[in-house]
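The values are calculated or read from the model by the stated rules, or taken from the named source; none is laboratory data. Since this is a predicted model, take the numbers as computed values, not measurements. Here the Cβ positions follow ideal geometry from the backbone for every residue, glycine too, while neighbour counts run over all protein chains shown. These accessible areas exclude ligands, DNA and RNA; they are computed on the full protein's heavy atoms, side chains included. Shrake-Rupley method; radii C 1.70, N 1.55, O 1.52, S 1.80 Å.
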Amino acid sequence: MNDSTKDPTLQVTHVTKRFGTGETEVVAVRDVSLDVAPGEVVLIMGPSGSGKSTLLSMLGALLKPTEGEIQLGDEVLSALSENRLPDIRLHQFGFIFQDFNLLSALTVLENVVLVAELAGAKRGDAREKARAQLTELGLAERLDFLPEKLSGGEKQRVAIARALINEPALILADEPTANLDSSIGHEIMRLLRRIAREQNRSVVIVSHDARIKDIADRVLWLEDGRFKDMVAMATDPVCGMAVEKEKAVVAERNGRTFYFCSRGCRNEFFEDPGRFTDGDDV
């Protein structure tokens, strides 16, 4: 789970992005603020043209805001000179794209090794680290394959390994399930959520795919460049699924509120609460 007691990994403060001037001016993002905690997964949804891609580009230091401030850790990204940003993007960000963006002439292992080497790792160390990362993601038997020999789900696992290889503070995913069928896409996103929590890395996902809402700690709706509303999420203590608080089965115990995905999970919880709590209220 994310640790809200720690300083946010990412702080976005009153950010606006305008393109053009005068009559041709377009405001793509309007006065957006957002904090993302270590280990937190935030899903940003919204219709086409809502500003999601522009916002994600600003979060990844690919585009500077017209107004406002974006801070990653101790660095105010929006105030840095352009020549400082490539190194920060390489070391502090992990990017995951809908088209995978793997280099077709390189093997699975080489695709990941390259990113580690660009960040300064020696070739031997980079290969060892990439091999370990890919093995953790279930790709030990695919290391010498070219991308064209992989399934869509396997390609996205390689993309996740590449995004994680330099141990970034923040992972940004742009429509990561767009080219995957629903079951594989959901499986990959659950994997990303597990990694984020285990490694305490923050994740921001931009997607149209409502089927992956349950992997997020928060779901934000962006429309006309603004956050219109927020879907509050909670974790079912029995099955571990993220559920929308407004739609969850809710129960109280000893002054604490618990949220469940179903009556079945609620009933299982109350049969033996000690299995699912820290014991303080049992």
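In Å², what does the accessible area per residue of the range 98-137 work out to with a 1.4 Å probe?
For the range 98-137, the solvent-accessible area averages 54 Å² per residue.
Mean projection of the alpha-carbon convex hull of the range 146-282 over all orientations, in nm²?
Mean projected area of the Cα convex hull: 10.7 nm².
With n ≥ 4 as the cut-off for DSSP H runs, can you work out [θ] at 222 nm for the chain, using -39500 (n - 2.57) per run divided by the number of residues, rounded to the nearest 500?
Values: 7 runs with 81 residues, N = 282.
Calculated from helices alone, the mean residue ellipticity at 222 nm is -9000 deg cm²/dmol.
Starting from the Cα of residue 228, draw a straight line to each of the lysines and keep only those under 26 Å, dropping any in the same chain fewer than 8 residues away.
17, 52, 64, 213, 245, 247
Would you work out which of 251, 219, 261 lies farthest towards the positive end of the dipole of the range 149-282, given +1 charges on the beta-carbon of Lys and Arg and -1 on that of Asp and Glu, about the Cα centre?
Farthest along the dipole direction, towards plus: 219.
For the range 1-140, what is one quarter of the convex hull surface built on the Cα atoms, given in nm²?
Mean projected area for the range 1-140: 11.3 nm², to one decimal.
Pairs of alpha-carbon atoms within less than 8 angstrom and 6+ residues apart define the contacts here; what relative contact order does the chain have, in percent?
Details: 545 pairs, mean separation 59.9, N = 282.
Computed over the chain, the figure is 21 percent.
May I ask you to derive the relative contact order of the range 143-282, considering only C-alpha pairs under 8 Å and at least 6 residues apart, and to give it as an integer percent? Can you show the working numbers first?
On the way: 163 pairs, mean separation 19.8, N = 140.
Reported relative contact order: 14 percent.
Rounded to the nearest 5, what % of the DSSP beta bridges within the chain are antiparallel ones?
60 percent
Rank 177, 54, 21 by mean-square fluctuation in a GNM of the chain with C-alpha springs under 10 angstrom and give only the top-ranked residue.
21
Please find the FRET efficiency linking residue 228 to residue 16, where r is the Cβ-Cβ separation and R0 is fixed at 22 Å, and quote it to the nearest 0.05.
The calculated FRET efficiency here is 0.85.
Starting from 0.36 nm per residue, how many nanometres of slack lie between residue 7 and residue 262 once their C-alpha separation is accounted for?
The residue 7-residue 262 span can extend by a further 88.4 nm.
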